[in-house]
Amino acid sequence: METAELSPFVYWSQTKQTLSLKVDLKDAKGVITEFTPTTLSFSANGTGARGVNAYRFRLKFYERIEEESATYTVTDHKIEISIRKEEPGWWVRLVATPQKPHWLKVDFDRWHTEEDAEIPEPAARDVREDYAEEYQNLQKKEIGYVREKTKKVYLVIYNLAMFVGYLHILIVMGVMYLRDGPDSIKHAYEYVGTSFKFVQLMQYMEVLHPIFGYSKGSPLVPFFQVSGRNFVLFLMIEMEPRMHAKPVVFYVFTIWALVEIVRYPYYVSQLLQRENGLLTWLRYTIWIPLYPAGIVCEGIILLRSIPYIEETQRFCIDMPNKWNITFDMVLFLKVYLLLLALPGSYLVMSHMSKLRVKKLGRGRAKAKKN
């Protein structure tokens, strides 16, 4: 016989900027609090209203929270959870749905009355968002499938197409290597150069996505990332035929493609809300060996290109000219190499390291020892 899931009593209060939850659980062990911007999942073993048992609950918040700043404190008699609201303001209730769980109570010791702060009337809300699972089940029963937003469908198709593109490149290079052995390395650009140029140009769509509201974040981050690769691909490799047969081209193509065949399926899993532990781990771990290797390969390509540019004076502008300017591409590449090797690599590594800590403890709040 299946055992019913037990939930502890939870007492909540708020200020304009924060939420406070008090979980009525004594001698709690194995506390896990997992956050997303809209939900909290809690589980622990301890002594609650039904004696010594495993207790758990899940809350969908009325508005969004800052998941990365959430903390909890475990004492002998309770667990206190502190959460910061994404947008300051008074919530009319804690949970998204009008009906609150029977185990959720108001913490009157910390509660602010209407005299302390004006709490607004509930704003009009989309019932389909508050009851998302029930609405999806109803759609499946009535029309046989779930209607998805056009933006979501487009992003799924885009990410799948990009995954197929990079997978095709890896398969072609792998098959050629199995057939011809190390001799195939110098023919990498001949085999997959055109395909690589196409998928790299397509990545500029990721610069447009945040501009048109298809994704969050700044368009500058993907712009600089994509442009950095395309600078190496189109200006250093494509424009100099003598670079095509260099082994480093094979290696940099392999590294770039390996990063992307993990990144794009991860995005698809997030869009479909199908979290995969292995895929998430790979997304935020595979960069540890691949990013440094990629930076080294890109640096070698730039270094190997300098003698060719000195010889051909490609991209260099000398006086006199109608613009009355000069530009030394060799000097530019030396400065670019210096920036790539020092601050550039540090910024990329530190950014990914922070994301890894956040995502692999995904939503897991920071614990404060009492």
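Every number here is computed from the coordinates shown, using simple stated rules; none is lab data. Because the structure is a prediction, the values reported are computed rather than measured. Cβ placement follows ideal geometry from the backbone for every residue including glycine, while neighbour counts extend to all protein chains displayed.
Points to keep in mind about this one:
- The packing ranking, built from the mean of other Cβ atoms within 10 Å per residue, places the peptides 339-351, 244-256 in the order 244-256, 339-351, highest first.
- Under 5 Å, built H, 5+ apart or other chain: amide partners of Cys316: Met329
- Whole-number D in µm² s⁻¹ for the chain, Kirkwood Cα-pair radius fed into Stokes-Einstein, 10 °C, 1.306 mPa s: 64 µm²/s
- The charge dipole of segment 150-359, taken about the Cα centre with unit charges on the Cβ atoms of Lys, Arg (+1) and Asp, Glu (-1), comes to about 840 debye, rounded to the nearest 20.
- For segment 269-359: rounded, prolate or oblate by the Cα gyration tensor [a/c cutoff 1.5]: prolate
- Rounded to whole Hz, the Karplus (6.51, -1.76, 1.60) HN-Hα couplings of segment 20-29, x for glycine and proline: 10, 10, 10, 8, 7, 9, 8, 6, 6, 10
- Cβ crowding within 10 Å, taken as a proxy for footprinting-reagent exposure, orders Lys358, Lys322 from fewest neighbours to most as Lys322, Lys358.
- Descending by average beta-carbon neighbour count within 10 Å, the peptides 295-302, 13-20 line up as 295-302, 13-20, the highest first.
- Residue order, fewest to most beta carbons within 10 Å, for Val207, Val164: Val164, Val207
- C-alpha center-to-center spacing [segment 147-208, segment 258-305] in angstrom: 13 Å
- Ranked Trp91, Trp12, criterion: other C-beta atoms within 10 Å, fewest first: Trp91, Trp12
- Put a plus charge on the Cβ of each Lys and Arg, a minus charge on the Cβ of each Asp and Glu, and nothing anywhere else: the dipole of the chain about its Cα centre is then about 560 debye.
- Rounded to the nearest 20 debye, the dipole magnitude of segment 1-56 is 220 debye, with +1 charges on Lys and Arg beta carbons, -1 on Asp and Glu beta carbons, and the Cα centre as origin.
- Screening the chain for whole DSSP H helices with an alpha carbon extent of at least 27 angstrom along the helix axis and a mean Kyte-Doolittle hydropathy of at least -0.5 yields 150-180, 247-271, 287-312.
- Of Ile83, Met173, Pro307, farthest towards positive along the dipole that unit charges on Lys, Arg, Asp, Glu beta carbons give the chain: Met173
- With 26 Å as the limit, the listed pairs Lys149/Lys197; Lys197/Lys358; Lys105/Lys354; Lys60/Lys358 have Lys149/Lys197; Lys197/Lys358; Lys105/Lys354 beyond it between alpha carbons.
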